[in-house]
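The values are calculated or read from the model by the stated rules, or taken from the named source; none is laboratory data. Being a predicted model, the structure only gives us computed values, none of them experimental. As a convention, Cβ positions derive from the backbone with ideal geometry for all residues, glycine included, and neighbour counts pool all protein chains shown. Heads up: the accessible areas ignore ligands, DNA and RNA and are worked out on the full protein's heavy atoms, side chains in. Shrake-Rupley method; radii C 1.70, N 1.55, O 1.52, S 1.80 Å.
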Amino acid sequence: MSSRLSCAQGALARVPCALRDVRWLVLPPTLAAFALRAYLLGAQNIWWDEGLAIWAVRKGLIPMTLWTAGDVHPPLYFWGLYAITRVAGETEFAARFPSLIYGVLMIPLAYQLGRRLVSARVGVLAAALLAVARFPVWWSQEMRMYIGAAFWGAASLYALVRWWTQEQRGDSAAWKALLPYVLTSAAALYSLYLCAFVLLVENAFALLMGLRLPRARRWPLWGRWAVSQVAVALLFLPWLALALPRMQSWSTATPFHFASFLRLYATLLTLGISTYIERYTWAVLPFLGIAVGGLWLAWRGHREHEGNWPPGQVALLLLLCLTVPPLAVYLLTMPRSLFYAPSVEARYLLPFALPFYLLLAWSIALLWNKAHWLGAIALIFVGSAFAWTLPQHYAGRYIRDELQSMVRMISAYAQEGDAVIVVSGSRYPIWDYYYRDPLRPGQRPPVYFVPQGADTLTPDNVTAQLTPLVEVHPRTWLALVAEGLQDPQGLAKAWFDSRSPAALQHTFGHHSLLLYTGTGETPTIAADTLFPQEPLRQSVAGWGTLLGYDLPTREFRPGDTIHLALYRQGPGESAAICELRDAAGRVLERHRLKPSFATADVERHTVDIAIYDGTPRGRYSFFLGSEDHATGEWLRLATVEITRTPSLPTVRSVGQPLGIMVGDRIRLEGYDWRVVGRRTDATDVRPGDRIQFTLYWRALDRVEARCTVFTHFLGDAYNPVTAGPVWAQHDSEPLEGGWPTTQWFVDYLIADCHELDISAETPPGAYQIEIGMYDTLTQVRLPVTDAQGQPSGNRVLLSGWRVIAP
């Protein structure tokens, strides 16, 4: 036995020290943090504050710094952003990368804090929790200064811990540890003014710890600490001298109940969720129980301690960090008239989050020491909660075609002397980001945001706002971006329309773009200034030459619209066909592109395809070909991905076959039905019942018109509510409007559900159900042809239904 033990000890001794060093265990959380923060980093549209940051750095270093001095944030983050955008560009990924770096650097910093305060095991666990918690991951993917402020605040706290550790040992060179403290504290203040509350905690801690020392050591320690605070103040003083005269007093603060603030704070630290927080109380309470349980065990003398600090000092520092700064933030967000009074926002609490993960890691370790099963349950719960909430953060991340297509349209048609008038609802930073993006070359006319000097356009100011601009610029673009915020009456468009019709008009979701030339003539595109996103030079027989196309984004979800713009040049004799096909070659939509003129001018064709809740998900490709397919090949263009919609269901059988034609391209193959809540094959129903009909449709060819399905429950008695024999009805486009007939795949069987609620007032008697379709636009019913090919009106009648007394 002793010989085997000696062999094992000898083998362990031969393992390199580096591999047995627990510090290597921080590497996996660091790599995981990088992966989680880099994942989909650039796959999110710029939002208002991010757009403002890019708007600021485009001013140049000195003007940006002066602007920041009058704003609500100090300049360190903006200096870093200015540097990174000059090197790596202004893409969403590049501009957010500094936040990613700060977020990753916090992982080893959390380890070092946990190791020095408690133990290496607690340090590794704290690093792991910080790596996967949703709150820090969230703000490591935002182009804002808050994660940087959290890093510098944590670095300042770490420097304090190093200094106090050496002071407790009586190290005569402990004062040297205050130099990194001064530098990191100054960096924290230059990142975010709220980091002053970190210094407030550190000063409170230094004061309390000094009171525990003998008088002979207390005053020299306080003296050294006071010198460090003076040094921090001197480093920050130049900025205050520049900023204080420029700061303005304004407020967005609204009263916020303190209990709601505490609930928000707890939900953010634990789950990283800031909306509908009342739904998550059940998940937050166990976190608080773990933390309180750990503190109780520490107070009772249980130890998880290899560090240099007594447990009481650790608990004091962490509790000060978790209570004083959030309380100060709450007081700061109360309405007042001095300087900037912000409303309560989740991001203001991020710089103080790291101490919570340290406390949580310490508590789990103490529970493990008390009873392994307690620690295991706590760790499993925390890990499961993080694994539950973190994917929700990524769910909404994708690049939408917000303003990109609108900007490209302006770039294509713009001429010298043009102007762009933007009614943006104060969304100028987002407009500026896309409009001046250097990756999108082309002409950029000057931009004027209206209204100027007023909150909204009114009948009294619209003429004064627009007339001076029109007098200078012969052609004017009117960009209506969320116009309801500043022009709810549509006064700008009405003012321009009263002068001349729009030469161009296009809708991009909730936004609109119009071009007014004064003559109303269709504008042309100069070939020498055209910069398509995807340049091509492909001939399409009879249609001309395709010079290229624009398609700014490639992922689309319900509610989005695909905006494909094609640029054609040359004499056009016939139309082209543009199809969007899935991987199996089935056509989702087909568009006919007819040339407007037969000259050598460049023409822009747009293909807009809306994505609905029921549009089948998957990968699709655009194909372009001549209308006469015999004269040329299909040209494959861009590929797009439709996500967050259902896959195509497979219908295995039809309960009641019919085989009836509705119109000349749609066949009603049959139907199924059931009474909700009851198992019965009888067609007897009672007042209050709900009949669920599933109709099975098949398109025999492309359907050009959008059609609405109607299902009516008809009786002999007169219904005063409907002014006729209809006692229940359900009219909607197929799949509750989720998949309109214009997108149906040819020869695919579609299951379409409709529900008929039999009201309590429905009298007993015999009833029929009528089914059919009508054109959604014209409201004209489609003709019906029975299975034998004989015309049978404009509806399908299903008889044999009875309403019986309850």
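If the condition is being touching a Phe, Trp or Tyr at 6+ places or on another chain (Cβ under 8 Å), among the hydroxyl-bearing types (Ser, Thr, Tyr) and part of a helix (DSSP H, G or I), then the stretch 92-150 contributes Ser99, Tyr102, Tyr146. Counting only residues that are within 50 Å of the chain's Cα centre (by Cα), farther than 15 Å from Tyr671 by Cα and not aromatic (Phe, Trp, Tyr), the stretch 747-767 holds 7 of them.
Taking (1) under 28 Å from the mean Cα position of the chain (by Cα); (2) of a type in the set (D, E, K, R); (3) closer than 27 Å to Gly548 by Cα in turn, Arg586 satisfies each apart from (1). With respect to the stated conditions, Arg408 is in contact with a Lys or Arg (Cβ under 9 Å, 6 or more places away or on another chain) and either within 24 Å of Asn45 (Cβ to Cβ) or modelled with pLDDT under 95 (or both).
The residues of the stretch 398-439 that are open to solvent by 20 Å² or more (accessible area, probe 1.4 Å) and touching a His at 6+ places or on another chain (Cβ under 7 Å), listed by number, are Asp401, Gly417.
For the stretch 652-688, taking the residues that are basic (Lys, Arg) and not in a loop (DSSP other than H, G, I, E, B), the one that is nearest to Arg702 (Cα to Cα) is identified as Arg667. For Arg781, the requirement of being surrounded by fewer than 19 Cβ atoms within 10 Å (Cβ to Cβ), modelled with pLDDT of 95 or more and not aromatic (Phe, Trp, Tyr) is met. Being touching a helix residue (DSSP H, G or I) at 6+ places or on another chain (Cβ under 9 Å), of a type in the set (Asp, Glu), over 24 Å from Tyr193 (Cα atoms) and modelled with pLDDT of 95 or more is not true of Glu50.
Yes/no matrix, rows are residues, columns are (1) free of Cβ contacts under 8 Å to residues at least 40 places away in the same chain; (2) touching a strand residue (DSSP E or B) at 6+ places or on another chain (Cβ under 7 Å):
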position: Pro720; (1), (2): yes, no
position: Pro725; (1), (2): yes, yes
position: Gln779; (1), (2): yes, no
position: Ala787; (1), (2): no, yes
position: Val796; (1), (2): no, yes
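For the stretch 678-690, the criterion of being within 43 Å of the chain's Cα centre (by Cα), buried (at least 17 other Cβ atoms within 10 Å of the Cβ) and at pLDDT below 95 is met by at least one residue. Which ones in the stretch 21-41 are at pLDDT below 95 and buried (at least 16 other Cβ atoms within 10 Å of the Cβ)? Passing the criteria: Leu25, Val26. Listed by position, the strands (runs of 3 or more DSSP E) contained in the stretch 526-573 that have at least 1 residues being open to solvent by less than 50 Å² (accessible area, probe 1.4 Å) and at pLDDT 95 or above are 544-550, 561-569.
Checking each residue of the stretch 179-193 against the condition of being modelled with pLDDT of 95 or more, out of contact with any helix residue (DSSP H, G or I) (no Cβ under 6 Å at 6 or more places or on another chain) and among the hydrophobic types (A, V, I, L, M, F, W, C) gives at least one match.
When restricted to residues that are open to solvent by 70 Å² or more (accessible area, probe 1.4 Å), assigned to a helix (DSSP H, G or I) and either among the small types (Gly, Ala, Ser) or closer than 26 Å to Glu402 by Cβ (or both), the stretch 446-475 contains 1.
Quick check, is Asp701 over 30 Å from Ala395 (Cα atoms), outside any strand (DSSP E or B) and out of contact with any helix residue (DSSP H, G or I) (no Cβ under 7 Å at 6 or more places or on another chain)? Can you show your working first?
On the way: over 30 Å from Ala395 (Cα atoms): yes; outside any strand (DSSP E or B): yes; out of contact with any helix residue (DSSP H, G or I) (no Cβ under 7 Å at 6 or more places or on another chain): yes.
So Asp701 passes the test.
Kindly check whether there is at least one residue in the stretch 294-315 that is assigned to a helix (DSSP H, G or I), crowded, with 18+ Cβ neighbours inside 10 Å, at pLDDT below 95 and within 37 Å of the chain's Cα centre (by Cα). Checking the stretch 294-315: at least one residue is assigned to a helix (DSSP H, G or I), crowded, with 18+ Cβ neighbours inside 10 Å, at pLDDT below 95 and within 37 Å of the chain's Cα centre (by Cα). Does the stretch 360-372 contain any residue that is open to solvent by less than 10 Å² (accessible area, probe 1.4 Å), at pLDDT 95 or above, within 26 Å of Arg279 (Cα to Cα) and within 32 Å of the chain's Cα centre (by Cα)? Yes; the residues of the stretch 360-372 include at least one that is open to solvent by less than 10 Å² (accessible area, probe 1.4 Å), at pLDDT 95 or above, within 26 Å of Arg279 (Cα to Cα) and within 32 Å of the chain's Cα centre (by Cα).
Kindly evaluate Phe381 against the criterion of being on the phi < 0 side of the Ramachandran plot, open to solvent by less than 40 Å² (accessible area, probe 1.4 Å) and modelled with pLDDT of 95 or more. Don't jump to the end; show me each part of the working.
Values: on the phi < 0 side of the Ramachandran plot: yes; open to solvent by less than 40 Å² (accessible area, probe 1.4 Å): no; modelled with pLDDT of 95 or more: yes.
Criteria not met by Phe381.
Restrict the check to the stretch 249-259 and report whether at least one residue is surrounded by fewer than 17 Cβ atoms within 10 Å (Cβ to Cβ), modelled with pLDDT of 95 or more, assigned to a helix (DSSP H, G or I) and out of contact with any Asp or Glu (no Cβ under 8 Å at 6 or more places or on another chain). Checking the stretch 249-259: not a single residue is surrounded by fewer than 17 Cβ atoms within 10 Å (Cβ to Cβ), modelled with pLDDT of 95 or more, assigned to a helix (DSSP H, G or I) and out of contact with any Asp or Glu (no Cβ under 8 Å at 6 or more places or on another chain).
Per-residue answers, yes or no, for (1) outside any helix (DSSP H, G or I); (2) surrounded by fewer than 14 Cβ atoms within 10 Å (Cβ to Cβ); (3) at positive phi; (4) in contact with a Lys or Arg (Cβ under 9 Å, 6 or more places away or on another chain):
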residue	(1), (2), (3), (4)
Thr184	no, no, no, no
Tyr190	no, no, no, no
Leu194	no, no, no, no
Val201	no, no, no, no
Arg217	no, yes, no, no
Trp225	no, no, no, no
Ala233	no, no, no, no
Met247	yes, no, no, no
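Being free of Cβ contacts under 8 Å to residues at least 24 places away in the same chain, on the phi < 0 side of the Ramachandran plot and open to solvent by 40 Å² or more (accessible area, probe 1.4 Å) is the filter here; which residues of the stretch 154-179 pass it? Of everything in the stretch 154-179, those that are free of Cβ contacts under 8 Å to residues at least 24 places away in the same chain, on the phi < 0 side of the Ramachandran plot and open to solvent by 40 Å² or more (accessible area, probe 1.4 Å) turn out to be Asp171, Ser172, Lys176, Leu179.
Considered as a group, the residues in the stretch 784-806 that are hydrophobic (A, V, I, L, M, F, W, C) and farther than 14 Å from Phe713 by Cα include one that is least open to solvent (accessible area, probe 1.4 Å), and that residue is Val784. In the stretch 574-605, the qualifying residues are those that are touching a Pro at 6+ places or on another chain (Cβ under 8 Å) and not in a loop (DSSP other than H, G, I, E, B), and the one that is modelled with the lowest pLDDT is Glu603. If only residues of the stretch 476-490 that are open to solvent by 30 Å² or more (accessible area, probe 1.4 Å) and either in contact with a Leu (Cβ under 6 Å, 6 or more places away or on another chain) or touching a residue at least 40 places away in the same chain (Cβ under 8 Å) (or both) are counted, the one that is farthest from Arg604 (Cα to Cα) is Leu485.
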